[in-house]
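Peer 1: I have a structure I would like to understand better, so I am pasting it below and will then ask my questions one at a time.
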Amino acid sequence: MYKVLSRFFTLLLVLVFFFLAGCTKGPPSQSTFMLGTVCTVNLYTQGSTALYSAIFSRLQAIEALMSATLTGSDVDLINQNAGREPVKVHEEVLEVLETAVQYAELSDGAFDPTVGPLVKLWDIGSETPELPSEAAIREALSHINWRNVFIDRAAGTVLLKHPGMVLDLGAIAKGYAADEAARILKEARIDGAIIDLGGNIFAFGAKEGDTVPWRIGVQNPLDERGTYIGVLTVQHKSIVTSGVYERYADINGVRYHHILSTKNGYPVDNSILSVTIVAASSMDADALSTTVFTLGYEKGAALLADLDKAEAIFVFTDKCIRLTKGAVPMFTLTNKEYRIVE
Ligand code: ADP
Ligand code: MG
């Protein structure tokens, strides 16, 4: 009898637990494959089907405008008309492209939104990646030059000056998308949420109704996904990483990653394994993670100091970590194999 009763109470407790959990939790986080990656939004207790669908429709609309691989996107139309005629594009595309061009200028072309011919040539995500020939690399490089992007604000058009030019906003569009998702959350007066567009994170507001900061893990570039070297403690900040481990192809036993040098046409090789940027704007964080990665530590850190709107965590091949001044109070090292150096 006692056993039966105790089972009954256990069952009752479990039921009560699920009932309470159901009341307080709201819909769980939602994930969809978009923008070439897995996009996850977690609204914790404040989720609703309507809000999730508003966010994901927004992300899809951005992809439909800015994808370089979707036929008929604004970026695709610009590419199809390279060397021919200006293309009328959506206001948002102008805004993102203008920002991309600014970062190209700031980095003297190390970051370049016209890197498309090289991205296509390497095709890092493909099933059967191949090492491009020197001649093909030289040919691709000859089409890359952000100075040949003509943006006419008044007319709302974009022209790529020469045939063979290809625009690719892959290093900045996800950041813009995360900012747009954050804008929707702000309008809905959400206190806290995590927007994660394939590692491009916006830690929105704070945890538990404005009180507790978010703790975001910084990926160990040399270990499995989800293994961290340390933790960033932040409130209402975007965190974006560019790393050698994000996308790569193994060709003849050599690993080639997806951030390409506009100087020599090969994956950038400069002893940086990853750069994590913390900033208020995710578009800045995204563009800067790639820009700083391509520039290398010295020039990258100098650019960050000049701009004074983003902090960074650099991880190097020798397992040293360097932090910008403002990143020091945010970052806690948890993996003892790594060490922070000045
Ligand atoms: P992820 O896409 O993994 O988040 P990034 O934000 O660093 O990483 O962007 C890498 C993407 O940016 C590449 O897949 C490619 O589309 C594009 N890209 C590669 N090299 C450059 C470069 N030198 N300048 C601008 N964009 C680049
Ligand atoms: Mg980027």
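The values are calculated or read from the model by the stated rules, or taken from the named source; none is laboratory data. Computed from a predicted model, the values in this text were never measured in an experiment. Backbone-built Cβ (ideal geometry, glycine too); neighbour counts: all protein chains shown. With ligands, DNA and RNA removed, areas are computed over all heavy atoms of the protein, side chains included. Shrake-Rupley method; radii C 1.70, N 1.55, O 1.52, S 1.80 Å.
Peer 1: Collect the residues in segment 147-186 that are touching a Ser or Thr at 6+ places or on another chain (Cβ under 9 Å) and on the phi > 0 side of the Ramachandran plot, keeping them in residue-number order.
Peer 2: Hit for segment 147-186 is 164, nothing else.
Peer 1: Additional query: Could you please give the count of residues in segment 268-293 that are farther than 15 Å from residue 102 by Cα, touching a helix residue (DSSP H, G or I) at 6+ places or on another chain (Cβ under 9 Å) and among the hydrophobic types (A, V, I, L, M, F, W, C)?
Peer 2: So the answer is 7.
Peer 1: Show the residue pairs meeting these rules: Cβ distance below 9 Å; 6+ apart or different chains; first residue within segment 241-267 and under 15 Å from residue 292 (Cα atoms); second residue among the acidic types (Asp, Glu) and not in a loop (DSSP other than H, G, I, E, B).
Peer 2: 242/286
Peer 1: Please specify each residue of segment 26-39 satisfying the condition of being surrounded by 14 or more Cβ atoms within 10 Å (Cβ to Cβ) and either part of a helix (DSSP H, G or I) or polar (S, T, N, Q) (or both).
Peer 2: Once the filter is applied, which keeps residues that are surrounded by 14 or more Cβ atoms within 10 Å (Cβ to Cβ) and either part of a helix (DSSP H, G or I) or polar (S, T, N, Q) (or both), segment 26-39 yields 29, 30, 32, 37.
Peer 1: Residues 217, 199, 164: which one is of a type in the set (Gly, Ala, Ser), closer than 28 Å to residue 258 by Cα, within 16 Å of ligand 2 (Cβ to nearest atom) and touching a residue at least 12 places away in the same chain (Cβ under 8 Å)?
Peer 2: Answer to the check: 199.
Peer 1: Something else: Which residue pairs have Cβ atoms closer than 9 Å, lie 6 or more positions apart in sequence or on different chains, and pair a first residue in segment 311-328 that is surrounded by fewer than 17 Cβ atoms within 10 Å (Cβ to Cβ) with a second residue that is among the polar types (S, T, N, Q)?
Peer 2: Once the first residue is surrounded by fewer than 17 Cβ atoms within 10 Å (Cβ to Cβ) and sits in segment 311-328, its partners that are among the polar types (S, T, N, Q) give 317/271; 318/271; 319/335.
Peer 1: Let me ask something else about it. Scan segment 116-129 for residues that are open to solvent by 20 Å² or more (accessible area, probe 1.4 Å) and in contact with an Asp or Glu (Cβ under 7 Å, 6 or more places away or on another chain) and jot them down.
Peer 2: Hits for segment 116-129 are 119, 129.
Peer 1: I've got another one for you. Condition first: touching a His at 6+ places or on another chain (Cβ under 7 Å) and not in a loop (DSSP other than H, G, I, E, B). Can you find one or more residues in segment 172-184 that meet it?
Peer 2: No; the residues of segment 172-184 include none that is touching a His at 6+ places or on another chain (Cβ under 7 Å) and not in a loop (DSSP other than H, G, I, E, B).
Peer 1: Examine segment 263-270 for a residue that is crowded, with 24+ Cβ neighbours inside 10 Å and more than 10 Å from ligand 2 (Cβ to nearest atom), and state whether such a residue exists.
Peer 2: Looking through segment 263-270, none of the residues is crowded, with 24+ Cβ neighbours inside 10 Å and more than 10 Å from ligand 2 (Cβ to nearest atom).
Peer 1: To continue, here is another question. Go through 91, 134, 95 for me and flag whichever is more than 30 Å from residue 253 (Cα to Cα) and open to solvent by 80 Å² or more (accessible area, probe 1.4 Å).
Peer 2: 91
Peer 1: Considering only segment 195-216, how many residues are touching a Gly at 6+ places or on another chain (Cβ under 9 Å), open to solvent by less than 10 Å² (accessible area, probe 1.4 Å) and among the aliphatic types (A, V, I, L, M)?
Peer 2: So the count comes out to 3.
Peer 1: Which ones in segment 122-163 are among the hydroxyl-bearing types (Ser, Thr, Tyr), under 26 Å from the mean Cα position of the chain (by Cα) and farther than 27 Å from residue 96 by Cα?
Peer 2: Passing the criteria: only 128.
Peer 1: Here's a follow-up. Need the failing condition index for residue 104 against (1) open to solvent by 20 Å² or more (accessible area, probe 1.4 Å); (2) assigned to a helix (DSSP H, G or I); (3) within 11 Å of ligand 1 (Cβ to nearest atom), just the number.
Peer 2: The single condition residue 104 does not satisfy is (1).
Peer 1: Tell me which of these residue 70 doesn't satisfy, since it passes every other one: (1) closer than 30 Å to residue 147 by Cα; (2) part of a helix (DSSP H, G or I); (3) free of Cβ contacts under 8 Å to residues at least 60 places away in the same chain.
Peer 2: Answer for residue 70: the failing condition is (2).
Peer 1: State which residue is surrounded by the most Cβ atoms within 10 Å (Cβ to Cβ) when the search covers only segment 167-189 and only residues that are more than 19 Å from residue 90 (Cβ to Cβ) and touching a residue at least 60 places away in the same chain (Cβ under 8 Å).
Peer 2: Checked segment 167-189; the qualifying residue surrounded by the most Cβ atoms within 10 Å (Cβ to Cβ) is 171.
Peer 1: Give just the number: which of (1) in a loop (DSSP other than H, G, I, E, B); (2) open to solvent by 30 Å² or more (accessible area, probe 1.4 Å); (3) touching a helix residue (DSSP H, G or I) at 6+ places or on another chain (Cβ under 8 Å); (4) free of Cβ contacts under 8 Å to residues at least 60 places away in the same chain does residue 154 not satisfy?
Peer 2: (3)
Peer 1: Would you mind listing the strands (runs of 3 or more DSSP E) fully within segment 191-303 where at least 1 residues are at pLDDT 95 or above, under 15 Å from the mean Cα position of the chain (by Cα) and more than 10 Å from ligand 1 (Cβ to nearest atom)?
Peer 2: The qualifying strands (runs of 3 or more DSSP E) are 192-197, 200-205, 214-219, 237-243, 272-279.
Peer 1: Could you list, ordered by first residue, the pairs with Cβ atoms under 6 Å in which the first is in segment 40-67 and within 12 Å of residue 181 (Cβ to Cβ) and open to solvent by 50 Å² or more (accessible area, probe 1.4 Å) and the second is in a helix (DSSP H, G or I) and modelled with pLDDT under 95, at least 6 apart or interchain?
Peer 2: Matching pairs, first to second residue: none at all.
Peer 1: Next question, about the same structure. Across segment 246-262, which residue is nearest to residue 230 (Cα to Cα) among those that are away from ligand 2 (no atom under 14 Å from the Cβ) and open to solvent by 30 Å² or more (accessible area, probe 1.4 Å)?
Peer 2: 248
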